[in-house]
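Structure, as structure tokens:
We did not get these values from a lab; they are worked out from the coordinates using the rules stated. Values in this document were obtained by computation on a predicted structure and should not be read as measured data. Backbone-built Cβ (ideal geometry, glycine too); neighbour counts: all protein chains shown.
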Amino acid sequence: MQTQLRDRRRIEIALYLLGALSSVTVFAVFANNVLSSWHSPTILGVVGSVLGALVAFAVSLLLPRRKITVFITHIAKDRAIVMKVREALQIYGIRTVTGDDVVMVGDEISKKISNAIIEADFLVVILSQEATKSDWMKQEIAKAIENHKRIFPVLAENAEIPEDLRALRFADLRTDDKKELPLLARSLRNAARSERN
């Protein structure tokens, strides 16, 4: 619902700017016809610059924004938690990908997952007692670090935090997932915003 309202507002603003563009164009034609002095090229240059800026801004508002994509690393036992995290992130317009989404029968597992991590904006790590002992998870965290991906740990149960993640603030689902999952989504969106700037 919020995404639809935001998209509608972006379209309204773009249409408003295109209307302003029409007015500026009419003014430019009028100025060109009325003013035949040496100032006319200067006025047209300024008007042309304004028109170009308005067109670029209006078009940028009409173009769809790229969704944030996160790869969620987890072990099979934690699928129920992964589903809860996915649903929460998707409400915020964040695209989620897991190994199950990218690895098909006959695929080389590590290659497909590595590619998915590289293509994702961020890595979300679901931490549980068994997950922190998983060699697959260690490899996926290492791949994210190697590719300078920002990592967002999610603590699903009491577990030893891997050394590479100890300095990071984690979403703590052991206590209050209704507070922590929206915080995770906002953190991902803020990180994406700061990377784009």
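When the C-alpha to C-alpha distance is required to be over 19 Å, the pairs from 67/138; 67/143; 84/178; 84/179; 111/138; 77/112 that qualify are 67/138; 67/143; 77/112. Taking label points 7 Å from Cα along the Cα-to-Cβ direction, residue 100 and residue 79 give a separation of 0.5 nm.
Computed extension length for residue 139-residue 110: 9.6 nm, one decimal, from 0.36 nm per residue of separation with the Cα-Cα distance subtracted. Taking amide H positions as modeled 1.01 Å from N, with prolines and chain starts lacking one, the residues under 5 Å from residue 98 and 5 or more places away or on another chain are 72.
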